[in-house]
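Here the structure is laid out as structure tokens; the discussion comes afterwards.
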Amino acid sequence: MTLLGVTALLVSSLLFLRGDGAATEIKLDQNEFFIINKVYHFARLAAWGSGDDDFGTYEHGIYDDQLWLLSEHPYKPGCYYVTNEKYPRAKLTDQRDEGLILSHGPHYDDQLWRFVPTNDGFYYVKSCLYPTHRLAKYGSDDGQITSYDGGYYEDQKWKLVPRLTADIYTDEIFHFDNRQGSRDITRSIEVTKGIVRTSSLEVRNKITYQRSMEASVGVATASEEFTFELEVAFAQSTEETWSKTERIEFTIPAHKNFKVMQHKVSFSGDIAADTCTLMTSIKIYESDTAQFSDPDKFIISS
């Protein structure tokens, strides 16, 4: 019998405090976020066109043009390009003459931003080129957003809400207690491996979708396993082939309690089409009692 195996793939360990609680860590680099103002707490940074001024904030429906990818500069640690999901050439820019704009051309230092945690779970979004400049929202209108270099106020604080959050756990996919049996029993069950989505809507950008998944897993237990399985799934040509189901035959020995456990990750976010479950490796447990030992700590509590 061949079990579903794994291969290691390292993930970045650059972690920062999450915007909604100091106790939880999230990865900034190559992760996507909703960037939400503290004072105008429904106002999410958004782009709505390809022009330099086609951006601001939006308070009503949630759409992918409100998602922003943070990409760390390779030689300037802590400084990030902030790029829109729907308009992937649109980068938030603190331009010397024009002020705050969206730039669609080459990469320059005025497009780099530093996310500085406050003591209340928010961030100041500061220009790396002009360190006194901070992203600010000075009114409730969508266009009332600017780069400000005056005093510090609450409307300069922003919350980072990741595109996806990950619930990592181990699921019991089969259990048979044969302790009272005098002979072996064979059972065949279906085992699914890969990504199973709940929505039929097409994912706009599979690369940023995958990056958000990997970032939400972070350096959690078995993260290398999950990252590898994401790579395998997204290497497939169509969403229909992101998962594979096979029937596996198990033999339950006489006088044994038997179960099969599987690692899973439930991904959820504010965009309903993003919701999915990643299913990875399995492990067989046998016991002479009602309890099962787990010496290699395969079982992950949610």
Limited to the stretch 1-55, what total is found for residues that are assigned to a loop (DSSP other than H, G, I, E, B) and either at pLDDT 50 or above or of a type in the set (Lys, Arg) (or both)? 16
Residue list for the stretch 136-175, filter: surrounded by 14 or more Cβ atoms within 10 Å (Cβ to Cβ), part of a loop (DSSP other than H, G, I, E, B) and among the polar types (S, T, N, Q): Gln144
Can you name the residue in the stretch 66-93 that is in contact (Cβ under 8 Å) with a residue 24 or more places away in the chain and in contact with a Lys or Arg (Cβ under 6 Å, 6 or more places away or on another chain) and, of all such residues, is most open to solvent (accessible area, probe 1.4 Å)? Tyr81
Would you check which residues across the stretch 260-302 are under 23 Å from Ile195 (Cα atoms) and over 27 Å from the mean Cα position of the chain (by Cα) and list them? Val260, Ile284
By residue number, the members of the stretch 170-204 that are more than 30 Å from Asp64 (Cα to Cα) and basic (Lys, Arg) are Arg179, Arg183, Arg187
Filtering the stretch 104-115 down to residues that are open to solvent by less than 40 Å² (accessible area, probe 1.4 Å) and at pLDDT 95 or above yields Asp110, Gln111, Leu112, Trp113, Phe115
Would you check which residues across the stretch 281-302 are closer than 14 Å to Asp167 by Cβ and either touching a strand residue (DSSP E or B) at 6+ places or on another chain (Cβ under 6 Å) or surrounded by 18 or more Cβ atoms within 10 Å (Cβ to Cβ) (or both) and list them? Ile300, Ser302
With criteria (1) within 30 Å of His255 (Cα to Cα); (2) part of a strand (DSSP E or B), Gln180 comes up short on (2)
State which residue pairs qualify: first residue crowded, with 22+ Cβ neighbours inside 10 Å and inside the stretch 25-53, second residue aromatic (Phe, Trp, Tyr) and part of a loop (DSSP other than H, G, I, E, B) in any location, beta carbons under 6 Å apart, and separation of 6 or more residues or different chains. Ala47/Tyr87
For the stretch 54-65, enumerate the residues that are within 21 Å of the chain's Cα centre (by Cα) and open to solvent by 50 Å² or more (accessible area, probe 1.4 Å). Ile62, Tyr63
Answer yes if at least one residue in the stretch 126-138 is of a type in the set (Ser, Thr, Tyr) and closer than 28 Å to Tyr209 by Cα, and no otherwise. yes
Matching residues in the stretch 253-263 (under 11 Å from Ser182 (Cα atoms) and assigned to a strand (DSSP E or B)) number 1
Looking for something in a helix (DSSP H, G or I), among the polar types (S, T, N, Q) and under 18 Å from Leu164 (Cβ atoms) - is there at least one such residue anywhere in the stretch 224-234? yes
Could you check the stretch 218-264 and list, in sequence order, the residues that are open to solvent by less than 10 Å² (accessible area, probe 1.4 Å), at pLDDT below 95 and among the hydrophobic types (A, V, I, L, M, F, W, C)? Phe226, Leu230, Ala233, Trp242
With (1) in contact with a strand residue (DSSP E or B) (Cβ under 9 Å, 6 or more places away or on another chain); (2) touching a residue at least 60 places away in the same chain (Cβ under 8 Å) as the list, and Ser182 as the residue in question, which single condition is left unmet? (1)
Against the condition open to solvent by 30 Å² or more (accessible area, probe 1.4 Å), outside any loop (DSSP other than H, G, I, E, B) and under 30 Å from Glu231 (Cβ atoms), how does Lys193 come out, does it pass? yes
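The values are calculated or read from the model by the stated rules, or taken from the named source; none is laboratory data. The structure presented is a predicted model; accordingly, all values stated were derived computationally and were not measured. Methodologically, a virtual Cβ is constructed for each residue, glycine included, from the backbone with ideal geometry; neighbour enumeration extends over all protein chains shown. Surface accessibility is based on the protein's heavy atoms, side chains included, excluding ligands, DNA and RNA. Shrake-Rupley method; radii C 1.70, N 1.55, O 1.52, S 1.80 Å.
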